[in-house]
Amino acid sequence: MPTTQVGREAGRIALRAYESGDAARVLDVQRRPEVIRWLGDPPHVPMADLDEALEWIERRRRREESDPLDVTRAIVVRATGIVAGTVSVARAYRRNGDFLDEYEVGWHLHPDSTGHGYATEAARLLLDEVFARGLPEVWCGMFLGNEPSRRVAERLGLPFVGVRQDPWYEGESRLYLLTRDEWLAGR
Ligand SMILES: CC(C)(COP(=O)(O)OP(=O)(O)OC[C@H]1O[C@@H](n2cnc3c(N)ncnc32)[C@H](O)[C@@H]1OP(=O)(O)O)[C@@H](O)C(=O)NCCC(=O)NCCS
């Protein structure tokens, strides 16, 4: 799988699909309550072992195979080769059962890799890629109180919709909606 190298800050990171050799790193992120509490609805069950990490990697590979707009990428720090974390554009499913063609961009880092701008830079690269693949618009949402994630969305310049009942997850979220034209106009 070729890495993505373009972008305004090209150089510090590369994006690539996860591979089985990343399982230990995936486990070391997904076992952490301080990370997974922000990623979806409760219960937030920490990942238990390498088999689960391998399944996580395989599920994401299959999702992109069946839908090229559903993309999960490892964020690789070029200088060290370390996987800092994950950036994704994923199909979002409404809690009320409506089936809409909606996607959300998201990010999470290993705590040893925060504070360098990697999540923001990775999201720029991935948004370039998915909009080039034809995605017309993308949502972004974060639970209230997730200030680091809010700052990522704002550094990216995502247009703010408001604080709303989250259509995809429990509770209220800060929601953003970005169209391809808006993204291309800002690049
Ligand atoms: C959300 C999350 C990815 C944000 O991580 P992050 O490291 O703050 O975000 P970035 O990688 O974009 O780094 C930006 C930070 O690095 C700093 N930074 C340092 N050097 C930098 C550089 N060269 N370029 C850009 N930013 C740099 C920025 O000032 C910024 O810090 P600030 O927000 O305190 O001002 C991380 O907190 C996380 O994984 N949280 C748990 C999971 C989660 O909440 N995911 C989101 C669900 S909605």
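The values are calculated or read from the model by the stated rules, or taken from the named source; none is laboratory data. What you see is a predicted model, and the numbers here were worked out from it, not measured in a lab. Backbone-built Cβ (ideal geometry, glycine too); neighbour counts: all protein chains shown. Surface accessibility is based on the protein's heavy atoms, side chains included, excluding ligands, DNA and RNA. Shrake-Rupley method; radii C 1.70, N 1.55, O 1.52, S 1.80 Å.
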Go through (1) closer than 25 Å to GLU182 by Cβ; (2) near the ligand (Cβ under 8 Å from one of its atoms) one by one and return the number of the condition THR114 breaks. (1)
Matching residues, the range 132-155, being more than 8 Å from the ligand (Cβ to nearest atom) and not charged (D, E, K, R): ALA132, GLY134, LEU135, PRO136, VAL138, TRP139, LEU144, GLY145, ALA153
Looking at the range 95-122, I want the residues that are closer than 19 Å to ARG16 by Cα and have a partner that is assigned to a loop (DSSP other than H, G, I, E, B) and open to solvent by less than 30 Å² (accessible area, probe 1.4 Å) with Cβ atoms under 6 Å, at least 6 apart or on another chain. Which pairs are those? GLU104/ALA92
Quick one: ASP98 ticks every box in (1) open to solvent by less than 60 Å² (accessible area, probe 1.4 Å); (2) part of a loop (DSSP other than H, G, I, E, B); (3) charged (D, E, K, R) except a single one, so which number is it? (1)
Identify all residues within the range 45-54 that are open to solvent by less than 80 Å² (accessible area, probe 1.4 Å) and over 19 Å from ALA84 (Cα atoms); write none if there are none. ALA48, ASP49, GLU52
Can you name every residue in the range 16-44 that is open to solvent by 90 Å² or more (accessible area, probe 1.4 Å), touching a helix residue (DSSP H, G or I) at 6+ places or on another chain (Cβ under 8 Å) and in a loop (DSSP other than H, G, I, E, B)? GLU19
Residue identified as within 16 Å of the ligand (Cβ to nearest atom), among the β-branched types (Val, Ile, Thr) and either open to solvent by 10 Å² or more (accessible area, probe 1.4 Å) or farther than 15 Å from VAL26 by Cβ (or both) among ILE82, ILE75, ILE57: ILE82
Quick one: which strands (runs of 3 or more DSSP E) sit completely within the range 125-187 and have at least 2 residues that are open to solvent by 40 Å² or more (accessible area, probe 1.4 Å) and among the basic types (Lys, Arg)? none
